[in-house]
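A short write-up of the structure that comes next.
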Amino acid sequence: MGPSPSRQALSFSSPSTVACLRVTLPLVLMNQAVLLDQLLLRDASETPLRRRPDGLIRATCGPGDFATGPNPVSVTPEALEGSNVNPVEVMTRLIDHSRSFEFQMKAIKEARSIDENGASMMRAS
């Protein structure tokens, strides 16, 4: 699906359609909804899922699409969905990476200092 035209309103409606409102194209009336695309919705209640390292969730049954489950699936217009990101976990990982980076930088500086001291001792003798 391409980007929405500027100053246009996107409409997500049940079961899975995405439409654009207030389009001013030839032969299209003002405030008429134009279908942009249709979402691919799947019921994953019976499909094993796994969280990837980047935070996205995928089916463990292999690459590609999987068969939908027995429950009906739809989009709830004007509803908010909770994030699948745990901010405490992300901040903890960020702090761990920062500390690891600082340790590696100290180790590089120490190795450089030892190398410079050894080189100066070689020159002195």
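Cβ separations smaller than 6 Å between residues 6+ apart or across chains give the following pairs from segment 47-66 residues that are free of Cβ contacts under 8 Å to residues at least 24 places away in the same chain to residues that are surrounded by 10 or more Cβ atoms within 10 Å (Cβ to Cβ) and in a loop (DSSP other than H, G, I, E, B): T47/F66; A59/T47; A59/F66.
When segment 52-62 is limited to residues that are charged (D, E, K, R) and surrounded by fewer than 12 Cβ atoms within 10 Å (Cβ to Cβ), the one that is nearest to L94 (Cα to Cα) turns out to be D54.
Entry remark, segment 43-95: residues being of a type in the set (S, T, N, Q), at pLDDT below 85 and out of contact with any Lys or Arg (no Cβ under 8 Å at 6 or more places or on another chain) number 4 in total.
Okay, residues lined up against (1) in contact with a helix residue (DSSP H, G or I) (Cβ under 7 Å, 6 or more places away or on another chain); (2) exposed (fewer than 10 other Cβ atoms within 10 Å of the Cβ); (3) in a helix (DSSP H, G or I):
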| site | (1), (2), (3) |
| --- | --- |
| P72 | no, yes, no |
| V75 | no, no, no |
| G82 | no, yes, no |
| V88 | no, yes, yes |
| L94 | no, no, yes |
| K106 | no, no, yes |
| E110 | no, no, yes |
| E116 | no, no, yes |
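Being under 20 Å from the mean Cα position of the chain (by Cα) and within 26 Å of L10 (Cα to Cα) is not true of L49.
Note on segment 38-50: among residues that are of a type outside the set (S, T, N, Q) and surrounded by 11 or more Cβ atoms within 10 Å (Cβ to Cβ), the one that is nearest to N84 (Cα to Cα) is L49. Applying the selection to segment 87-118, what residues are within 30 Å of S45 (Cβ to Cβ) and out of contact with any Gly (no Cβ under 9 Å at 6 or more places or on another chain)? Residues satisfying the conditions are P87, V88, E89, R93.
The values are calculated or read from the model by the stated rules, or taken from the named source; none is laboratory data. Keep in mind that what you see is a predicted model, and the values were worked out from it rather than measured. Glycine also receives a Cβ, built like all others from the backbone with ideal geometry; neighbour counts cover every protein chain displayed.
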